[in-house]
């Protein structure tokens, strides 16, 4: 699918994997809108790639609509990448046998609201805008890629909320692709493994920790780079025959219980 001169929307696009995707899309000639809560980083990246920044909390539909509308001002919306998300680590029950020490239900709901419901909300709003566009030379109107995780398949101890949210993204990929097929919109998902993002911090201790994590990867024995994930996202967006698929990008890792 050709995206030169079209617009592309990236939620969570101010840093990490989302930022690498935004740079990759811009390099392909797209007008990229970065939707994120990190205003300083988002504005800086938008200026770097000649795109636009829109402050977006993906749990607020009106802000997603604003980002989609801003995208349409730059060109026909051909691509949506859902990269906004948060992590979570909490065991299902506590050690003292008290109801009060069980997994905090609001914390669980927050992860689902951001990672899963936020992704679906962005899909339904962006796809609605895509349906109004003229098809490309390949007959498509747009393509969508969401970010899941290997935790959708290999969730570790304490990852009930996170794994549920990412498993939901995996589970909705095929039915949404089927829903949107009649409109000429493709839908795929990427499931990253251990990726070197700012979440691990900086400094010698952080580098030692990442090196230790990398040893658990089948091959190569290291964390993945955001650009390696972005490469797969771009392939799923641009390859007109990729549809309804979930692709693990993880160096062959299978996560242990902890």
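Nothing in this text is a laboratory measurement; each read-out follows from the coordinates by a stated rule. None of these values were measured; they are calculated from a predicted model. Using ideal geometry, Cβ is built from the backbone for each residue, glycine included, and neighbour counts are taken over all protein chains shown.
Among 248, 124, 186, the ranking by other beta carbons within 10 Å of each residue's beta carbon, starting with the fewest, stands as 124, 248, 186.
Between region 1-28 and region 222-250, the C-alpha centres lie 13 angstrom from each other. Remark: 231, 7, 88 ranked as 231, 88, 7, counting other beta-carbon atoms within 10 Å and listing the fewest first. I need the Debye-formula profile for region 153-231: one equal scatterer per C-alpha, no solvent, reported as log10 I(q)/I(0) at q = 0.11, 0.21, 0.27 1/Å, two decimals. Result of the Debye calculation: -0.43, -1.08, -1.25. With angles folded into 0 to 90 degrees, how steeply does helix 118-131 sit against the dominant principal axis of the chain? Use alpha carbons for both and round to 10. Compared with the principal axis, the helix lies near 10 degrees. Of the peptides 204-210, 166-172, 12-18, the order by per-residue mean of other Cβ atoms within 10 Å, starting with the highest, comes out as 12-18, 166-172, 204-210.
As an equivalent ellipsoid, region 102-177 spans semi-axes of 31, 13, 7 angstrom, where each value is the square root of five times an eigenvalue of the C-alpha gyration tensor, largest first.
Seen from all directions on average, region 110-258 presents a Cα convex hull projection of 9.5 nm².
I need the Kirkwood Rh of region 15-68: take the reciprocal of the average 1/r across all distinct C-alpha pairs and report it in angstrom. Walk me through the numbers before you get to the answer.
Details: mean 1/r = 0.0903 Å⁻¹.
Its Kirkwood hydrodynamic radius stands at 11.1 Å.
Using the 10 angstrom Cβ neighbour count as an exposure proxy, how do 187, 249 rank, fewest first?
Numbers: 187 27, 249 18.
Least to most surrounded, the residues fall as 249, 187.
What is the ratio of the Cα radius of gyration of the chain to 2.2 N^0.38 Å, with N the residue count, to two decimals? Walk me through the intermediate numbers first.
On the way: Rg = 18.2 Å, N = 258, 2.2 N^0.38 = 18.1 Å.
Rg over 2.2 N^0.38 Å, computed on Cα atoms: 1.00.
Region 141-214 and region 30-91 have their alpha-carbon centroids 17 Å apart.
Scaled against the 2.2 N^0.38 Å expected of a compact globular protein of N residues, the Cα radius of gyration of region 63-123 reads 1.67.
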